[in-house]
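Written out below as structure tokens is the structure these notes cover.
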Amino acid sequence: MLYDITPPLCPDMPVWPGDTPFGVFRTWSLSGACPVNVSRLSLSTHTGAHADAPLHYRPDGVGIGEVDLAPYLGPCRVLHCQDTGPLLTREILQMRLGDAPLPPRVLIRSYQRFPLGHWDDGFMAVAPEVVDWLGERGVCLIGTDTASLDPVNSKTLEAHHAVARHGMAILENLLLDEVPEGDYELIALPLKLMGVDASPVRAVLRPLN
Ligand SMILES: Nc1ccccc1C(=O)C[C@H](N)C(=O)O
Ligand SMILES: [Zn+2]
Ligand SMILES: [Zn+2]
């Protein structure tokens, strides 16, 4: 059994304000003279469920094709934070998690219902101290169902930079609506896009045993 935690990619999906809409264009179409369908895609690197590379926010950061893949597969915890408000703080998380050991990946659900059909400016942000706290506890990947770890209008991207300080990986726009809180195996590999700032992923969770 698998939970598919990837929102569908289609032309009417919402995108970050001003970014490239998702488009599919036929290069060849099946007909008497042509034996195949072949398409060209036009999309932002941050379309749907995706992995951010350090290059997204650091001039000296590596591209997504160059990152270590180990963070993107392995044991993870899905945490429900639907009633958290606009900012997930370290106090809230500490209260939820205490000092018990954590798996090395944490996925945070903020939405009761993921906004599949419209753009949401008011998504929950993650405080940089949350990232520091998780990093200190050995977490190598932080995932969220929101469009970004930082608020939509952030110019400093402090949570992203905290991730980089700890050498962690980021997944965004995960569809966690159907996933009960608990522990899973995460599988969400980015494409080998060399020197590129992010990559869409097909993200799934496998229940343990
Ligand atoms: N598409 C954008 C266009 C402009 C500025 C930000 C974005 C993002 O997608 C933010 C992102 N998902 C992030 O990694 O925080
Ligand atoms: Zn992103
Ligand atoms: Zn990001």
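At-a-glance table
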| quantity | calculated |
| --- | --- |
| Test: residue in segment 87-100 that is buried (at least 19 other Cβ atoms within 10 Å of the Cβ), within 18 Å of the chain's Cα centre (by Cα) and not in a loop (DSSP other than H, G, I, E, B) | yes |
| Out of 63, 74, 48, sole residue that is within 15 Å of residue 147 (Cα to Cα), surrounded by 14 or more Cβ atoms within 10 Å (Cβ to Cβ) and not hydrophobic (A, V, I, L, M, F, W, C) | 48 |
| Test: residue in segment 71-82 that is over 19 Å from residue 194 (Cα atoms), touching a helix residue (DSSP H, G or I) at 6+ places or on another chain (Cβ under 9 Å) and either part of a loop (DSSP other than H, G, I, E, B) or within 16 Å of ligand 1 (Cβ to nearest atom) (or both) | yes |
| Single match in 184, 111 (criterion: open to solvent by less than 30 Å² (accessible area, probe 1.4 Å) and more than 15 Å from ligand 2 (Cβ to nearest atom)) | 184 |
| Matching residues, segment 190-209, being closer than 25 Å to residue 44 by Cβ and over 11 Å from the mean Cα position of the chain (by Cα) | 191, 192, 193, 194, 195, 196, 197, 204, 205 |
| Test: residue 201 is crowded, with 16+ Cβ neighbours inside 10 Å, β-branched (Val, Ile, Thr) and touching a helix residue (DSSP H, G or I) at 6+ places or on another chain (Cβ under 9 Å) | yes |
| Yes/no for residue 6 being at pLDDT 95 or above and part of a loop (DSSP other than H, G, I, E, B) | yes |
| Positions within segment 51-60 being part of a loop (DSSP other than H, G, I, E, B) and either open to solvent by less than 30 Å² (accessible area, probe 1.4 Å) or within 17 Å of residue 148 (Cα to Cα) (or both), in sequence order | 53, 57, 58 |
| Any hit, segment 61-68, residues being assigned to a strand (DSSP E or B), at pLDDT 95 or above, of a type in the set (D, E, K, R) and out of contact with any Pro (no Cβ under 7 Å at 6 or more places or on another chain) | no |
| The listed residue being in a loop (DSSP other than H, G, I, E, B), more than 13 Å from ligand 3 (Cβ to nearest atom) and within 26 Å of residue 197 (Cβ to Cβ), out of 174, 107, 149, 116 | 116 |
| Checklist (1) more than 15 Å from ligand 3 (Cβ to nearest atom); (2) closer than 19 Å to residue 157 by Cβ; (3) touching a residue at least 24 places away in the same chain (Cβ under 8 Å) applied to residue 55, failing item | (1) |
| Of residues in segment 1-18 being aliphatic (A, V, I, L, M) and open to solvent by less than 70 Å² (accessible area, probe 1.4 Å), the one nearest to residue 149 (Cα to Cα) | 15 |
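The values are calculated or read from the model by the stated rules, or taken from the named source; none is laboratory data. Not measured: the values here are computed from a predicted model. So basically every Cβ, Gly included, is an ideal-geometry build from the backbone, and we count neighbours across all protein chains shown. When the accessible area is computed, the model is the full protein with side chains, heavy atoms only, and any ligands, DNA or RNA have been set aside. Shrake-Rupley method; radii C 1.70, N 1.55, O 1.52, S 1.80 Å.
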